[in-house]
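So the structure is just underneath, and the comments pick up after that.
The values are calculated or read from the model by the stated rules, or taken from the named source; none is laboratory data. Owing to the predicted nature of the structure, the values given are computational and were not obtained by experimental measurement. Heads up, the Cβs are rebuilt from the backbone with ideal geometry, glycines too, and the neighbour counts pull from every protein chain shown. Only protein heavy atoms, including side chains, enter the accessible area calculation; ligands, DNA and RNA are left aside. Shrake-Rupley method; radii C 1.70, N 1.55, O 1.52, S 1.80 Å.
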Amino acid sequence: MFSTNRSVLQQIDLSLLNKSGNELFIKRDDLIDPFVSGNKWRKLKYIISTVIQAKKEGVLTFGGAYSNHLLATAVACQKAGLKSIGIVRGDELTAQSNKLLQTCESAGMQLEFITREEYALRNEKFYKDELSGLYSNFHLIPEGGAAYLGMIGCQEILAETPNDFDYVFVAQGTTTTSCGVAMALPEKTTLCVVPVLKGFDSKAEMAKLFGYSGFSKETIDELLEKTLVLSDFHFGAYGKYTPELLQFMEEIFQETSVPLDPIYTGKAFYAMVNWVLTSGITNKKLLFVHTGGIEGGRAIAEKENKVFF
Ligand SMILES: Cc1ncc(COP(=O)(O)O)c(C=O)c1O
């Protein structure tokens, strides 16, 4: 449905890293599609094909007012000829509240706005059972596509590279993408994850997702052994950013033409450069996985009058 051929592996000459002798490559998953961008298609690919095979009517999923996942699900389902239902956090919202929600609705997504209290129940079994009863012919996708099939799709990112990097850098929210990447990681490579949420226990959350997916404790420990958490780059909290981060992203864009967003990839890129320089890493091969976030980034760039797109 969406070809990953557009996701090129781009070598970037970054002046900040010049003296260190490190080689930087970016896996440009942001180029897969403007709406189903970055890790979104990776996560949805096998879920959608399973739904089609099971002859279900469509999917039901969850997200906030600016959820890239809701948008990607709406557009991908439209393309696949499936129905989609989006359960949105905040009963004060409507489909007209912002452009992202409008686009979801125009793509045919049925939007249901619920209170924050009800939204907090989204992962509770009784609540999911209730929804499955109400929408019995719909496949339920957890928030952010955090599911086994999502992880399996993300595993394919590294398969489209020579996979001979010393360090791979990935922004982390639900951990689905980083878990997929961890599964495809060669022996000599270290996975550096950058959680964008404050106080997020990356390894515990990754272990939880691996655990739900049926992995044994030994396998989980092995998978996490080569994971390094760069935990000091959340810039205050999820969704927060600082003038310093925006300035950094603007400079990266001017020098490389690579667009970043301040919620995920901007923080991860900043973390990578900062960590590489302060840790004295030299003459290594680095891979940055560009996980998208294009629409959200564009909206913030316009709001802040910045040029990082
Ligand atoms: C642009 C972008 N990058 C990274 C992530 C984090 O990915 P994950 O939730 O799989 O950890 C997200 C959230 O899904 C995202 O929208």
What number of residues in the stretch 62-82 are touching a strand residue (DSSP E or B) at 6+ places or on another chain (Cβ under 6 Å) and of a type in the set (S, T, N, Q)?
1
Go through the stretch 231-309 and tell me which helices (runs of 4 or more DSSP H), entirely inside it, have 2 or more residues that are more than 30 Å from residue 188 (Cα to Cα) and out of contact with any Cys (no Cβ under 6 Å at 6 or more places or on another chain).
243-256, 294-304
Return the residues of the stretch 144-184 that are polar (S, T, N, Q) and either within 10 Å of the ligand (Cβ to nearest atom) or within 20 Å of residue 269 (Cβ to Cβ) (or both); say none if nothing qualifies.
161, 172, 174, 175, 176, 177, 178
Could you grab me the full set of residues in the stretch 13-30 that are assigned to a helix (DSSP H, G or I) and within 13 Å of the ligand (Cβ to nearest atom)?
29, 30
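Show me the strands (runs of 3 or more DSSP E) found entirely inside the stretch 99-214 where at least 3 residues are more than 18 Å from residue 62 (Cα to Cα) and open to solvent by less than 10 Å² (accessible area, probe 1.4 Å).
167-172, 190-195
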I'd like to verify a number: residues in the stretch 272-309 that are closer than 15 Å to residue 240 by Cα and either without any contact (Cβ under 8 Å) to a residue 24 or more places away in the chain or of a type in the set (A, V, I, L, M) (or both), how many?
4
Mind counting the residues in the stretch 190-217 that are among the hydroxyl-bearing types (Ser, Thr, Tyr) and touching a strand residue (DSSP E or B) at 6+ places or on another chain (Cβ under 6 Å)?
2
Looking at the stretch 31-84, which of its residues are touching a residue at least 40 places away in the same chain (Cβ under 8 Å), polar (S, T, N, Q) and assigned to a helix (DSSP H, G or I)?
39, 50, 68, 73
Is the stretch 292-303 home to any residue that is away from the ligand (no atom under 14 Å from the Cβ) and among the charged types (D, E, K, R)?
yes
When restricted to 88, 59, the only residue β-branched (Val, Ile, Thr) and under 22 Å from residue 151 (Cα atoms) is 59
